[in-house]
Each structure stands twice: as structure tokens, then as C-alpha cells.
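Structure record follows, encoded as C-alpha cells.
The values are calculated or read from the model by the stated rules, or taken from the named source; none is laboratory data. Just so it is clear, the model here is predicted, and its values are computed rather than measured. When we count neighbours, we look across all protein chains shown, and the Cβ atoms used for this are built from the backbone with ideal geometry, even at glycine.
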Amino acid sequence: MLNRTADSVARATPEPLARKVRGISDKGLAWLFISPTILLLLAINIFPLFWAIYLSFTNYRANRPNEVVRNVGLANYKRILGDQDIWIAMQTTAHFVFWTILLQTLIGFTLAWLIDRKFRGHAFWTTIILVPMMLSPAVVGNFWRFLYEPQIGLFAYAISFVTGIPATQIGMLSNVSLAPWSIVIVDTWMWTPYVMLICLAGLRSIPEYIYEAAEVDRASNWRQFWSITLPMALPFIMLAVLFRGIENFKMFDMVNLLTGGGPGSTTEVASITLKRQAFESWRTGYSSAFAIILFVAVFGLANIYVKALNKVKQR
Amino acid sequence: MSLTSAHSVVAPSATSKRVAGTIIVLYALISIVPLLWIFATSFKTPPDSIAYPPKILFQPSLEGYCNLFSTRTRQTPEYINSLGPATGVCDETVRKRNMVIAGPSNFMPRFVNSLIIAFGSTFCAVFLGTLSAYGFSRFKVPLADDLLFFILSTRMMPPIAVAIPIYLMYRELGLSDTALGMILLYTAVNVSLAVWLLKGFIDEIPREYEEAAMIDGYTRLQAFWRTVLPQATTGIAATAIFCLIFAWNEYAFAALLTSGTAQTAPPFIPTIIGEGGQDWPAVAAGTTIFLVPILVFTILLRKQLLRGITFGAVRK
């Protein structure tokens, strides 16, 4: 009886009032907790973004800070869209993104599918496979340069051992037609585990009873794979593709140290072009415009993709 | 688990397990070879490191590590003979190449910079991230979804694109090539990850705990401090390690915004050169020392890895 009275009294006390008495209101506390993060992001991300937008309409050069800055309107954007080098860089980026994602998805999904068999020691070997993706892309790019050396490198030696082509002729980084593949190979080596890990989560999320039902219906393994495994793991595969796509579209560190964009400009992905324009040619206004275009492209693609992903999830 | 017998219907057969196991082990071994090769190279002498065919068996040497930590000058054999006996392994190794140690190299200061910047930014990002995550998790924040998306979207910008205005801003503010500047920048990059991950972890802690504490007379802040934080320790630790790894590995900002005093290890390691080209054993030694903490963290984190790399989107 007494308990019930206490309970009803507690319920009757207006909640916000009770909290206010005890100190800061919840609303105040929420803003107190969230605003530092928002302020930091405004200062370090958003303010610079607006500054970059402003610069993209000028002819500013960071190495000549005392020169008069002229407003050039849309001239930078117009020049970028007509610039042959930019289009070549975009094609190089597309080649890189397409092949890395294709290879990583195929290999990564296969590996996950095999690991899902839960053979003995699978946890240990999974951890070993995961190691490359945790490493610094810059350091990875640098040491793959060593592995790719035509005479002394392990990669060239292994390839020549298998194929019989003299090791001196396997110039992965100096040959114009091989260089674009050199960055694809390293990226695939490094990030296949990432796709594998997400695919594995997808495979493990499929409830056992669906397979049991299929087994009762005498569906073949082949049929089970195409009508259960793949469609149910698809949202996870797409998530992995989204993350890898965004990351590889921005790719800079690994490629910069592995090839530096060379030979010539055969591996010059968008971020490397951007660095060359901004920090070597010091065309700050021009490169800001290019940066804005890249950002809008990533952002737009990511948005479209997230919508598609949600549709798949709802199915 | 009385259903185990039913499961056996769909359990993979012993043969398929064996085949799968073999392929996975092969893949793991091949994919780990580059790392083992770097580790082996760090114990080679410079001539061994560039031998053809590549040497799998070799006489181990500490020359790479000696070269990594020191700068050397070439001297005449007469001069070296006139010096007293060698004072340590490195001294001895270097003298065999007609050189003497001139002083410490820049590796240690760069390594220390990496530590300061990585730990400093991780602390700030996790601190801010925990507060915001709690705010988003427990309170009705107007436009919460938009704010969260805004926080995530700052991660989508290409680092070089961000670096252009940051470079100008830091030049004006005197933050170029300072540890403080790098800590601020890495905090801003990592805070998005921290908020998203920690929100997931805090969402999983039942609200009833705090409500019970508040009925007992705790204020909201006290309840947060005494009930939520202890419950979220695992999540906070995992998030901290992810932030640490990012800051430790980051290269683009470090290469463009630091040049001397605040330079971290990733832009420094590739610049280690010996006589006549890159000193590969020293580079390999630097790489090995740089990667060891990451290997330890990967093993510690393996259960939380999936969550971390997908910003909390996949939880298992």
C-alpha cells in the first residue's frame, strides 16, 4: 500500500521540474555536450571549406601572398572542365577505383565465404589476413616500392620465377602500361581484408533456419547460394563498396609514395593532380576549384549510393 | 542447444572445410610475405638487401637499426684506426664501412612527434566524442539526424582539398608545423568516427541504469559519470584505439603541413637515404618499429574491428 502511494507521487511530479531542481536542464546539458564538437568541426572543416569556395573564384597564389587578389568569377571552373590533364586524371582515378573495387569484392567475398565454413583455426588465420589493412598506407606504399624494384625486388623475382620473364624486364613502376596495375595490386593486397570482414558479417547475419528450410525443399547448393546467400549478403557487400569507393576516390598517400603519379602522369589520380596544382604549381585558386568539384562529386555519389543501399535493405 | 542435430543438415562437410581451410591459409601466408620481407630486410646489410637474386638466407646484422638512429660521416681508415676501441655494436658495424657515427638521426624526434600528436588528438577526440555521443544518444536534439550526417560528411572530403585552406589558415595563425596544429586537425578528423562509434556503444547501455541512479538522488551529470561511463569503458577503449591508429598512420596532412619540428614518422621514413640511394635496411628498420604498435593493437581490437571500420554501421 505504502509502495503504491510513493509510486503515484513519483509519477505525479512533473519530470522537467524535478530535473531542473537538481541542476542544469537536460536541454542545456545536451547543448553543452554537443556544441564543442560542432564548434571544432565548424572551425577546422566548415570555415576552411567556405574559404576554399571563396578562393576558387579568385586567382590567389599561396606562394605570393602580397599580390593583389583578383576575382575571376567562374574562370577557374571553366578552365578545369576544359583541361585535358584533369580529364586524364579523372580517367586514371576511375580505372583505379573500378578495378580495386571489383577485385576486392570478388576476392574478399570468396575469402569470407570460405572462412564462414568455420574450419579449425579460422579465427587465427582471419586475424593474420586482417593485418595489411591496419597499416599506414604511406608506409605500405613506400615498402612496396622496394618490393617492386625490377632487379632486387621480391615481387619481380617471384613473377620471373613463375613466368620465366627476366626479372629486369618487370618494371612495375617504370613501365607505362604496368604502372596503373601496380597501384591496383597494392590497394587490393591492402584492402581486400576490409571487404572480407564486412562480407563475413553479412554471411553470419543469415539465419540458419533459412538454409534448413531450403534443405527441406531440396534446393541445390548452387540454388541456395544464388537465392539465399548472395541476396542476403548484398547490403553488406554494397556497404563495403561504398566505403572503399569513397576512400579510393580520395586516394593519395599510398600512390604518392609508391609512384608519385609517375611514370609521367600514368598513375596520377585526382588527389595527386590536386597536390601538384596546389603545392607545386601553387595555383591555389585553380586547385581550390578542383577541390570543390571533387568534394561535390564524392558527396553526390555517396548520397545516391546511400539511397540505393536503403532500398536494398528494405527489400 | 537441442537443435544442434538439426543444424548438422546444413553444416559444411569435412571435405569442404578442409579445402576452405587450405585456401585461406595459403592466402594468409602469401599476403603476409611482404611484411615478413620488410622485417627480414631490417636485419640485412645494405649490400645483402639489394642482392640479386633476393637473399632469403643471410647473416643477420643490426646495421639497418644503427643507420636508422644515427648520422654518419665517411673517414679515412687511418683516422678510424687512430680512434680508440669501438664503443658498442653500432660503432663497430659502422667502422667496418669506413664511417664514424656523427650523431643521432632525426628518427627519434619524429617518432616522439608521432606519439605526442597521436595520443593528444586521440584524447581530445574521445573526450569530445563521448560527450556528443551521450548527448545524441539520450536527449532529444533538434535536427539530430542532420547533425550526425554533417559530422560524418566532414570525413568525406579529400584530405588534399581540406589541406589547401588549412595550410593558409595555419600560416595566418602561426600553427604551421606545430604539434598543436596537428593535434587540432586530427581531433577534427577523428571526432566524427568517435561520435558515431560511441553513440552505438552508449545506445546499447540501458537507460534504466541512469534513471535508477537519478531516482536515488544523482543529478544527470553524476549519473552520466558514475553509471554510463563505467559501462562504456570497452567502447571508449576501442574507439580510442581506432583514433590512435588513424592519427598514427596519417600521411597526407602531415606531409603537407609539417616540415621540421612537428613532422611525424610516416612522412619521415621514406626520406631516409644512405650513400647512393635509399638505405633500404634503415627504411625497413624504421618501418618495423613503426608497425609493431599497430600489430599489437590489431590483435587487441579484433573483436571490435568490424564496428570500427564501418563507423558503427555493422555491429555483428
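So which residues in region A:172-190 are in a helix (DSSP H, G or I) and not β-branched (Val, Ile, Thr)? Reasoning before the result, please.
Initially, region A:172-190 is screened for residues in a helix (DSSP H, G or I), giving A:179-190.
Listed by number, the residues that qualify are A:179, A:180, A:181, A:182, A:187, A:189, A:190.
The set of residues in region B:276-289 being surrounded by fewer than 23 Cβ atoms within 10 Å (Cβ to Cβ) and either under 26 Å from residue B:168 (Cβ atoms) or touching a residue at least 60 places away in the same chain (Cβ under 8 Å) (or both) consists of B:279, B:288, B:289.
If you go through region B:263-275 one residue at a time, how many are under 21 Å from residue A:252 (Cα atoms) and either buried (at least 21 other Cβ atoms within 10 Å of the Cβ) or among the aliphatic types (A, V, I, L, M) (or both)? Residues that pass the stated criteria total 9. Within region B:250-278, track down each residue that is farther than 16 Å from residue A:258 by Cα, at pLDDT 85 or above and not hydroxyl-bearing (Ser, Thr, Tyr). Hits for region B:250-278 are B:253, B:254, B:256, B:257, B:262, B:263, B:265. Search region A:275-311 for residues being within 18 Å of the chain's Cα centre (by Cα) and facing chain B (nearest Cβ under 7 Å), and hand back the single one that is farthest from residue A:233 (Cα to Cα). Checking each candidate, the answer is A:291.
Restricting region A:168-183 to residues that are hydroxyl-bearing (Ser, Thr, Tyr) and surrounded by fewer than 21 Cβ atoms within 10 Å (Cβ to Cβ), the residue that is nearest to residue B:54 (Cα to Cα) is A:168.
Of everything in region B:30-39 that's without any contact (Cβ under 8 Å) to a residue 24 or more places away in the chain and more than 7 Å from chain A (Cβ to nearest Cβ), which residue is surrounded by the most Cβ atoms within 10 Å (Cβ to Cβ)? Quick ask: steps written out before the conclusion?
Start the filter on region B:30-39 by keeping residues that are without any contact (Cβ under 8 Å) to a residue 24 or more places away in the chain, which leaves B:30-34, B:36-37.
In the following step, the residues that additionally are more than 7 Å from chain A (Cβ to nearest Cβ) were identified as B:30, B:33, B:36.
Numbers: B:30: 11, B:33: 13, B:36: 11.
Among residues in region B:30-39 that are without any contact (Cβ under 8 Å) to a residue 24 or more places away in the chain and more than 7 Å from chain A (Cβ to nearest Cβ), the one surrounded by the most Cβ atoms within 10 Å (Cβ to Cβ) is B:33.
You will find that of A:252, A:236, the residue that is without any contact (Cβ under 8 Å) to a residue 24 or more places away in the chain and either more than 11 Å from every other protein chain (Cβ to nearest Cβ) or of a type outside the set (S, T, N, Q) (or both) is A:252 and no other.
Of all residues in region B:143-186, those being hydroxyl-bearing (Ser, Thr, Tyr) and more than 18 Å from residue B:267 (Cβ to Cβ) number 2. Among the residues of region B:100-123, not one is buried (at least 22 other Cβ atoms within 10 Å of the Cβ) and without any contact (Cβ under 8 Å) to a residue 12 or more places away in the chain.
The requirement of being facing chain B (nearest Cβ under 7 Å), in contact (Cβ under 8 Å) with a residue 60 or more places away in the chain, within 30 Å of residue B:271 (Cβ to Cβ) and out of contact with any Asp or Glu (no Cβ under 6 Å at 6 or more places or on another chain) is satisfied by residue A:257. Listed by first and then second residue, the pairs linking a residue in region B:124-149 that is free of Cβ contacts under 8 Å to residues at least 60 places away in the same chain and within 20 Å of residue B:187 (Cβ to Cβ) to a residue that is not basic (Lys, Arg) and not in a helix (DSSP H, G or I), with Cβ atoms under 8 Å apart and 6 or more places separating them unless they lie on different chains, are B:135/B:141; B:147/B:141.
Would you say residue B:97 is surrounded by 14 or more Cβ atoms within 10 Å (Cβ to Cβ), at pLDDT below 90 and more than 30 Å from residue A:277 (Cβ to Cβ)? Let's see the steps before the verdict.
Working: surrounded by 14 or more Cβ atoms within 10 Å (Cβ to Cβ): yes; at pLDDT below 90: yes; more than 30 Å from residue A:277 (Cβ to Cβ): yes.
Criteria met by residue B:97.
Residues of region B:157-177 that are crowded, with 17+ Cβ neighbours inside 10 Å and part of a loop (DSSP other than H, G, I, E, B): B:157, B:158, B:175, B:176.
As for region A:59-80, it holds at least one residue that is among the β-branched types (Val, Ile, Thr) and in a helix (DSSP H, G or I).
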